[in-house]
1. Counting only residues that are under 9 Å from the mean Cα position of the chain (by Cα), touching a residue at least 24 places away in the same chain (Cβ under 8 Å) and assigned to a strand (DSSP E or B), which one in segment 46-81 is surrounded by the fewest Cβ atoms within 10 Å (Cβ to Cβ)?
2. When segment 36-45 is examined, which residues are found to be in contact with a Phe, Trp or Tyr (Cβ under 9 Å, 6 or more places away or on another chain) and either in a strand (DSSP E or B) or surrounded by fewer than 15 Cβ atoms within 10 Å (Cβ to Cβ) (or both)?
3. Which count do you get for residues in segment 82-97 that are touching a Lys or Arg at 6+ places or on another chain (Cβ under 7 Å), surrounded by 17 or more Cβ atoms within 10 Å (Cβ to Cβ) and either within 17 Å of Asp27 (Cβ to Cβ) or not β-branched (Val, Ile, Thr) (or both)?
4. Output the qualifying pairs, or none if there are none: Cβ atoms under 6 angstrom, residues six or more apart or on different chains, first residue in segment 88-100 and in contact (Cβ under 8 Å) with a residue 24 or more places away in the chain and assigned to a helix (DSSP H, G or I), second residue among the aromatic types (Phe, Trp, Tyr) and buried (at least 19 other Cβ atoms within 10 Å of the Cβ).
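Just so it is clear, none of the values below were taken in a lab; they were calculated from the coordinates. Here the structure is a predicted model, which means the values were calculated and not measured. Cβ: placed from backbone, ideal geometry, glycine included. Neighbour counts: every protein chain shown.
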Amino acid sequence: MAAVELVKRERNTKRFTAGQTIFAEGDSDDRFFYVVETGQVEIANHKRFLEVVGPGGFFGEMGLISKKPRSATATAKSDCVLIQVNEGDFYFLIQHAPFFALEMMQVLAERVRRNADV
């Protein structure tokens, strides 16, 4: 997700240690999504493990887009560095990096397909 470099700043780079919860299922914090710069993040809900997101991947976008509580818990699987993208930066990316929106839609479609076969 190279487009995120357009909005990356020191203040939106966050570090998490292995095992640390980034956000929990049901949290109402829907102001951000995250891009993994280094490390891995595990995504799971109360029913099951969903996926591991590695460098260049993103998560938490559903809360930002839908304005609903978090549908899963994100936990640092290893020490990691994340880029926290807020709503303003999200809209900036959509306007100034059109392939960003296409990439996000492709990943969302893949996740829906993968999780619909449960």
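1. The residue in question is Phe58.
2. Filtering segment 36-45 for residues in contact with a Phe, Trp or Tyr (Cβ under 9 Å, 6 or more places away or on another chain) gives 36, 39, 41-43.
Val36, Val41, Glu42, Ile43, listed by residue number.
3. Here is the first cut: in segment 82-97, the residues touching a Lys or Arg at 6+ places or on another chain (Cβ under 7 Å) are 82-84, 86-87.
Narrowing further to those that are surrounded by 17 or more Cβ atoms within 10 Å (Cβ to Cβ): 82-84.
Now restrict to residues that are either within 17 Å of Asp27 (Cβ to Cβ) or not β-branched (Val, Ile, Thr) (or both): 82, 84.
The number of residues fulfilling the criteria is 2.
4. Leu93/Phe100
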